[in-house]
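Scroll down for the structure; my scribbles are underneath it.
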Amino acid sequence: MFTREKHGVAQHGGVLENVSPALAASWIAVATNEELGDGPLQVWALGEPWMVARVGAARTLVAFADRCPHRLAPISAGRIIDDQIECAYHGWRFDTEGRPAAIPALGDGATLPPRACLRSVAAVAEHLGLIWIAIEDPLAPLPILSGASEPGALMARCEIVRTPASAVQLIDNFMDAAHFPFVHAATFGVPDAFEVSSDEIVRQDWLVRSTFSAPYQHHDDPLVATGEHPLVQDHTVTKVGYAGCNASLELRFPLTRGVFGIVYACQPETATSTRIYKVMARNDVDASGMERCVKDEDAILQEDLAILERYTTMNLMTDLTVEVHTRADRLSVAWRRLMSDMQHHPRHGIARDTVA
Ligand code: FES
Ligand SMILES: [Fe+2]
């Protein structure tokens with residue numbers, strides 16, 4: 001059993017599960033714009049159902065716990081009427097703030113119980129073609145997609161994948177570079193580049209960032225086929241891990257002036273399920289090149305899942321004494337420290353991170 005101490009230090013953080021309450025203080029991608037439409041749509045985060053919808057002429061984005069305060073029916077089964085949300089069960093209506101607007105069974109002009117409110121989230125946003133919620137005030141900002149504003153940049157999204165691997169394990173894996181020559185030997189892993197650089201890691205509030213140079217098999221460079229450029233090229237990598245289940249990657253190729261950005265957002269749906277969104281932007285490919293890139297990124301994710309889905313537990317250790325860490329693991333360790341600090345942030349209830 002791992003028990004969080006009342007004033008425990010970061011090294012004794014213990015474990016993070018896919019539904020750990022600490023993750024409530026982060027942005028969680030819950031759907032694509034297309035999936036939402038106008039809604040209402042039921043989505044899952046941290047083991048609970050949430051309802052998202054666009055309401056009224058202004059299509060105001062709203063998100064609430066998916067539970068009507070009357071008989072706890074899923075409010076996502078209801079409908080949007082003008083600028084109100086109507087429950088499908090007894091027709092109670094709520095405004096965009098979740099306040100009661102009508103209870104048909106009481107007749108017109110009735111006094112409405114003030115407790116008859118939908119439970120709101122702290123924040124809801126649309127960003128990079130995705131819908132995001134923060135159940136509590138988010139500590140870290142929404143992830144930034146590098147390259148999206150470069151002239152000629154194209155944006156694309158990989159296939160959305162649902163996996164039993166945990167969201168925090170997936171981000172930890174994203175922050176890890178030592179697995180490339182082994183897990184990604186069939187895609188971008190350079191076979192003899194085992195050593196991981198130990199460049200500086202910067203912590204800025206609720207994110208960690210590292211920039212380093214590394215060799216890369218640049219299959220997307222058209223001048224590789226003509227022999228003008230080598231296949232293995234140096235590139236600059238910037239990785240950012242946010243407190244929560246989001247990370248970003250920026251690749252800069254000096255030889256081609258290419259910029260390739262990825263935002264990797266993992267949605268911890270339930271104790272046993274995670275959905276993965278990968279949004280990309282790059283300025284160095286045409287539409288068919290981007291299509292190929294999406295397929296490559298899909299394949300890279302499957303390579304990671306082949307190992308992560310073999311784990312028999314979805315827990316991520318934030319107690320740094322359990323596993324053996326080396327200097328090659330510095331970035332994922334820095335991110336775990338961030339996550340441990342998130343678990344110990346005073347905003348969270350003390351007893352909630354007790355895990356058997
Ligand atoms: S359960 Fe929603 S109105 Fe009764
Ligand atoms: Fe990987």
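The values are calculated or read from the model by the stated rules, or taken from the named source; none is laboratory data. Keep in mind that this is a model prediction, so the values were computed, not measured. Glycine also receives a Cβ, built like all others from the backbone with ideal geometry; neighbour counts cover every protein chain displayed.
Of the residues Ala122, Ala63, Ala110, which single one is free of Cβ contacts under 8 Å to residues at least 24 places away in the same chain and either more than 16 Å from ligand 1 (Cβ to nearest atom) or of a type in the set (Asp, Glu) (or both)? Spell out the reasoning first.
Working: Ala63 fails: free of Cβ contacts under 8 Å to residues at least 24 places away in the same chain; Ala110 fails: either more than 16 Å from ligand 1 (Cβ to nearest atom) or of a type in the set (Asp, Glu) (or both).
Exactly one of Ala122, Ala63, Ala110 is free of Cβ contacts under 8 Å to residues at least 24 places away in the same chain and either more than 16 Å from ligand 1 (Cβ to nearest atom) or of a type in the set (Asp, Glu) (or both), namely Ala122.
Being among the polar types (S, T, N, Q) and in a loop (DSSP other than H, G, I, E, B) is the filter; apply it to region 295-344 and report the residue that is nearest to Val15 (Cα to Cα). Let's see the steps before the verdict.
First pass over region 295-344, keeping only residues among the polar types (S, T, N, Q): 302, 312-313, 315, 318, 321, 326, 332, 340, 343.
Subsequent filtering for residues that are in a loop (DSSP other than H, G, I, E, B) retains 312-313, 315, 321, 326.
Numbers: Thr312: 15, Thr313: 11, Asn315: 6, Thr321: 11, Thr326: 20 Å.
Result: Asn315.
Being modelled with pLDDT of 90 or more and either surrounded by fewer than 21 Cβ atoms within 10 Å (Cβ to Cβ) or of a type in the set (Phe, Trp, Tyr) (or both) is the filter here; which residues of region 174-189 pass it?
Of region 174-189, the ones modelled with pLDDT of 90 or more are 174-176, 179, 182-184.
Once the filter is applied, which keeps residues that are modelled with pLDDT of 90 or more and either surrounded by fewer than 21 Cβ atoms within 10 Å (Cβ to Cβ) or of a type in the set (Phe, Trp, Tyr) (or both), region 174-189 yields Phe174, Asp176, His179, Phe182, Val183, His184.
Hey, can you tell me all the residues within region 237-285 that are more than 14 Å from Trp335 (Cβ to Cβ), among the basic types (Lys, Arg) and either in contact with a helix residue (DSSP H, G or I) (Cβ under 8 Å, 6 or more places away or on another chain) or part of a strand (DSSP E or B) (or both)?
Scanning region 237-285 gives Arg252, Arg275, Lys278, Arg282.
Report, ordered by the first and then the second residue, all pairs with beta carbons closer than 7 Å, sequence separation of six or more or different chains, a first member in region 31-51 that is among the hydrophobic types (A, V, I, L, M, F, W, C), and a second member that is part of a helix (DSSP H, G or I).
Leu41/Glu35; Leu41/Ser76; Leu46/Leu23; Leu46/Ala24; Met51/Ile75; Met51/Ser76
For the subset of region 253-276 comprising residues that are surrounded by fewer than 22 Cβ atoms within 10 Å (Cβ to Cβ) and touching a Phe, Trp or Tyr at 6+ places or on another chain (Cβ under 9 Å), which member is modelled with the lowest pLDDT?
Residues of region 253-276 that are surrounded by fewer than 22 Cβ atoms within 10 Å (Cβ to Cβ), as a first pass: 253-259, 270-273, 275.
Going one step further and asking which of them are touching a Phe, Trp or Tyr at 6+ places or on another chain (Cβ under 9 Å), we end up with 253, 259, 270, 273, 275.
Working: Phe253: 91, Val259: 95, Thr270: 97, Ser273: 97, Arg275: 98.
For region 253-276, the residue satisfying everything is Phe253.
If you go through region 216-238 one residue at a time, how many are hydroxyl-bearing (Ser, Thr, Tyr) and in contact with an Asp or Glu (Cβ under 7 Å, 6 or more places away or on another chain)? Give the steps one after another, and end with the answer.
Quick first cut of region 216-238, residues hydroxyl-bearing (Ser, Thr, Tyr) only: 216, 226, 236, 238.
Those left that are additionally in contact with an Asp or Glu (Cβ under 7 Å, 6 or more places away or on another chain): 238.
Here the count works out to 1.
So in region 98-109, with the set limited to residues that are surrounded by 12 or more Cβ atoms within 10 Å (Cβ to Cβ) and touching a strand residue (DSSP E or B) at 6+ places or on another chain (Cβ under 9 Å), which one is nearest to Val62 (Cα to Cα)?
Keep residues of region 98-109 that are surrounded by 12 or more Cβ atoms within 10 Å (Cβ to Cβ), which gives 98-104, 106.
With touching a strand residue (DSSP E or B) at 6+ places or on another chain (Cβ under 9 Å) added as a condition, the list becomes 98, 100-104.
Details: Gly98: 9, Pro100: 15, Ala101: 16, Ala102: 18, Ile103: 21, Pro104: 23 Å.
This residue is Gly98.
On the basis of being without any contact (Cβ under 8 Å) to a residue 60 or more places away in the chain and not β-branched (Val, Ile, Thr), does Lys295 make the cut?
Details: without any contact (Cβ under 8 Å) to a residue 60 or more places away in the chain: yes; not β-branched (Val, Ile, Thr): yes.
Spelling it out, Lys295 is indeed without any contact (Cβ under 8 Å) to a residue 60 or more places away in the chain and not β-branched (Val, Ile, Thr).
Looking only at region 129-145, count how many residues are farther than 30 Å from His344 by Cβ and surrounded by 22 or more Cβ atoms within 10 Å (Cβ to Cβ).
Qualifying residue count for the region: 0.
Only one of Ala148, Ala167, Ala116, Ala123 is modelled with pLDDT under 95 and touching a strand residue (DSSP E or B) at 6+ places or on another chain (Cβ under 6 Å); which? Write out each step before concluding.
Details: Ala167 fails: modelled with pLDDT under 95; Ala116 fails: modelled with pLDDT under 95; Ala123 fails: modelled with pLDDT under 95.
After applying the criteria, what remains is Ala148.
Could you tell me how many of the residues in region 207-219 are surrounded by fewer than 19 Cβ atoms within 10 Å (Cβ to Cβ) and either touching a residue at least 60 places away in the same chain (Cβ under 8 Å) or assigned to a helix (DSSP H, G or I) (or both)?
Count: 1.
Mind listing just one residue for me: the one in region 149-181 that is more than 20 Å from Thr326 (Cβ to Cβ) and over 18 Å from the mean Cα position of the chain (by Cα) and, of those, farthest from ligand 2 (Cβ to nearest atom)? Walk me through how you get there before you give the answer.
Taking region 149-181 and keeping what is more than 20 Å from Thr326 (Cβ to Cβ), we get 149-168, 170.
From the residues that got through so far, the ones that are over 18 Å from the mean Cα position of the chain (by Cα) too are 149-154.
Working: Ser149: 26, Glu150: 25, Pro151: 30, Gly152: 28, Ala153: 24, Leu154: 23 Å.
Ranking the candidates gives Pro151 first.
Considering region 78-93 alone, what residues qualify as being within 21 Å of Arg59 (Cβ to Cβ) and either among the hydroxyl-bearing types (Ser, Thr, Tyr) or free of Cβ contacts under 8 Å to residues at least 12 places away in the same chain (or both)?
Residue satisfying the conditions is Glu86 alone.
Look through region 29-49, keep the residues that are in a strand (DSSP E or B) and more than 16 Å from the chain's Cα centre (by Cα), and return whichever of them is nearest to Asp82 (Cα to Cα). Working first, answer last.
Narrowing region 29-49 to residues in a strand (DSSP E or B): 29-32, 41-45, 48-49.
In the following step, the residues that additionally are more than 16 Å from the chain's Cα centre (by Cα) were identified as 41-42, 48-49.
On the way: Leu41: 17, Gln42: 20, Glu48: 27, Pro49: 24 Å.
So the residue we want is Leu41.
Quick one: is His90 at pLDDT 95 or above, surrounded by fewer than 16 Cβ atoms within 10 Å (Cβ to Cβ) and over 30 Å from the mean Cα position of the chain (by Cα)?
Details: at pLDDT 95 or above: yes; surrounded by fewer than 16 Cβ atoms within 10 Å (Cβ to Cβ): yes; over 30 Å from the mean Cα position of the chain (by Cα): yes.
For His90, the condition - at pLDDT 95 or above, surrounded by fewer than 16 Cβ atoms within 10 Å (Cβ to Cβ) and over 30 Å from the mean Cα position of the chain (by Cα) - is met.
Mind listing whichever residues of region 51-82 are at pLDDT 95 or above and assigned to a loop (DSSP other than H, G, I, E, B)?
Within region 51-82, Asp66, Arg67, Cys68, Pro69, His70, Arg71, Leu72, Ala73, Pro74, Gly78 meet the criteria.
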